[in-house]
Amino acid sequence: MKPKKRNITTKMKVVGNITERTFHMELEKEENKREIKTMIENESNKQMATLIKKLQRHQVDPIGLGLYVRAYHYNKWKAINKPWTDIFAKSSIRFTLHVEIKNIGVVK
């Protein structure tokens, strides 16, 4: 019998400031601020997907998804009859990053 593939979806929120830029864009304009926010989210999501695939290939979980499942979904954790590294390596893992730009420019 083929093992069931697990789906893991994680949402993360990142709040930050833009204090310096090496490009010309008026970030004070709301549409430009939204555009840069979307660009940061898209690039971060791509990099996170690449990182997750690498971690799965090496069967390591340094970000603690296994600890999270054990702590918050214990019944599902208890039902797993395999080492977590095997489950982690074969799971479909999706991160969704939400970026909030708090301030633009130097902040005191």
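The numbers here are math on the coordinates, done by the rules we state, and not lab data. Model, not experiment: these values are computed from the prediction. All Cβ positions, glycine included, derive from the backbone under ideal geometry; neighbour counts span all protein chains shown.
With the Cα gyration tensor of segment 5-48 in hand, give its eigenvalues times 5 under a square root as the equivalent ellipsoid semi-axes, listed largest first in whole angstrom. Please report the intermediate quantities before stating the final value.
Working: eigenvalues 150, 21, 20 Å².
Computed over segment 5-48, the values are 27, 10, 10 Å.
Return the inverse of the average 1/r over all pairs of distinct C-alpha atoms in segment 37-80, which is the Kirkwood hydrodynamic radius, in Å to one decimal. Mind showing how you got there, number by number?
On the way: mean 1/r = 0.0822 Å⁻¹.
When all Cα pairs of segment 37-80 are included, the Kirkwood radius is 12.2 Å.
Would you order 14, 69 from fewest to most other beta-carbon atoms within 10 Å of each residue's own beta-carbon? Before the final figure, lay out the partial values.
Numbers: 14 12, 69 20.
If I rank by nearby Cβ atoms, fewest first, I get 14, 69.
Give, as ranges by residue number, the residues of segment 32-54 whose backbone N falls under 15 Å from the point 7 Å along Cα→Cβ of residue 23.
32-45
Any lysines with Cα under 28 Å of the residue 102 Cα? List them, leaving off those in the same chain fewer than 8 positions away.
Output for residue 102: 11, 13, 29, 33, 37, 46.
Under the rule of -39500 (n - 2.57) per DSSP H run of 4 or more residues, summed and divided by the residues of the chain, what mean residue ellipticity at 222 nm is obtained, to the nearest 500 deg cm²/dmol? It would help to have the intermediate numbers written out before the result.
Working: 4 runs with 49 residues, N = 108.
Computed ellipticity for the chain at 222 nm equals -14000 deg cm²/dmol.
Report the full-extension gain for the segment residue 38 to residue 5: residue separation times 0.36 nm, less the Cα-Cα distance, to one decimal in nm. If you can, show how the numbers build up before the last one.
Details: separation 33, 0.36 × 33 = 11.88 nm, distance 3.04 nm.
So the chain would gain 8.8 nm between residue 38 and residue 5.
If you look at just the Cα atoms of segment 2-85, how large are its Rg and its Dmax in Å?
Considering segment 2-85 through its Cα atoms, Rg and Dmax are 18.4, 55 Å.
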